[in-house]
Amino acid sequence: MTAADTTPATGSRRDRRARRWLATAGVLAAAVYLVPVYWMVVTSLKTGDAVFRVPPDLVPLPPTVESYARAVFADPDIARGLANSAVIAVGTTLVTLLIALPAAYGLAKFKVRGIGAVMMLMLIVQMVPSVNLALPMFVLFSGAGLVDSYAGLIIANCALAVPLAVTILRPYFLSVPEEVVEAAKMDGCSELASFVRIALPVSVPGIVTVAVVSFLGAWGEFVFGLSLATSEGIQPVTIVLAEITNEFGVRWNDLMAVSAVVALPVIAAFVFLQRYIVAGLTDGATKA
């Protein structure tokens, strides 16, 4: 048997070994991320005494939902914070899509001078921490009467969401063949009709990805809620959650119950829309 005869088998064994190592690394990485989530849920289902039991119970027996009833459903502040966060997140998602979709299409299909500089600026804006934008926005919004309003918080979140959305969506519109667009125009479609009927259906994974990322970014945003929402009536749930930490102190079961409810939209979005999110990110990175 020659070396050439053994090479494929050796390569196959190496490939299988590499796949096993990668799979093991993936499982370990997932465990690292999921253990805190599991412990959050477990703690939320414990009584106050069981939380401080040594050694800790890995499984609450018996589980109780008293923390959810007391800290979530019976607390009007939490309900108001969740409602505020929902309004802000949904508003941010809709405004982001309304701005980013035509902007990304225009940057992809029209000859714009300095397109490279524009896209570089989009990337730079995404790297700016929100804490660096909070004070300038507060000054600007104070003059415009937007402080302590849903509109102000939505605009602030869109300032970070729109550049990311344009960056994700532009490669999808670049992948739409010019011949198809021109054929649609010859059939009587306007530029807007071509955008709606041809470009948008091709870009569904990217649109779903942008919608999810924009929603979750606004849902979990803390700095803008702290600096631009000066009254309790407009504060998102992230601010209310921070106040609960100070209020309850060692009531970790109540705190974890609220945290689990706040995390539920994030988990649900990735569970049910995982296929679209992965496709949106990977396809957007390869289309150009």
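The values are calculated or read from the model by the stated rules, or taken from the named source; none is laboratory data. In this text, all values refer to a predicted model and were calculated from it rather than measured experimentally. A quick note on method: Cβ atoms are made from the backbone with ideal geometry, for glycine too, and the neighbour counts reach across all protein chains shown. Just so you know, the surface numbers come from the protein's heavy atoms only, side chains and all, with ligands and any DNA or RNA stripped out. Shrake-Rupley method; radii C 1.70, N 1.55, O 1.52, S 1.80 Å.
General remarks:
- Filter pass, T24 being open to solvent by 50 Å² or more (accessible area, probe 1.4 Å) and touching a residue at least 60 places away in the same chain (Cβ under 8 Å): no
- One residue from I168, I154, I99, I88 being open to solvent by 70 Å² or more (accessible area, probe 1.4 Å), under 22 Å from the mean Cα position of the chain (by Cα) and β-branched (V, I, T): I99
- Filter result (surrounded by 15 or more Cβ atoms within 10 Å (Cβ to Cβ) and polar (S, T, N, Q)) within the stretch 121-151: S130, S149
- Selection status of S44, under 28 Å from the mean Cα position of the chain (by Cα), surrounded by 15 or more Cβ atoms within 10 Å (Cβ to Cβ), more than 17 Å from T238 (Cβ to Cβ) and of a type in the set (G, A, S): yes
- Taking the conditions (1) closer than 23 Å to T92 by Cβ; (2) touching a residue at least 40 places away in the same chain (Cβ under 8 Å); (3) open to solvent by 30 Å² or more (accessible area, probe 1.4 Å) in turn, V118 satisfies each one other than (2).
- Scanning the stretch 46-69 for residues that are at pLDDT 85 or above and of a type in the set (K, R) turns up just one, K46.
- Test for L34: is it within 26 Å of the chain's Cα centre (by Cα), of a type in the set (A, V, I, L, M) and surrounded by fewer than 17 Cβ atoms within 10 Å (Cβ to Cβ): yes
- Put simply, of R113, R53, R80 the only residue that is touching a residue at least 40 places away in the same chain (Cβ under 8 Å) and open to solvent by 30 Å² or more (accessible area, probe 1.4 Å) is R80.
- A218 touching a residue at least 40 places away in the same chain (Cβ under 8 Å) and either in contact with a Ser or Thr (Cβ under 9 Å, 6 or more places away or on another chain) or not in a helix (DSSP H, G or I) (or both): yes
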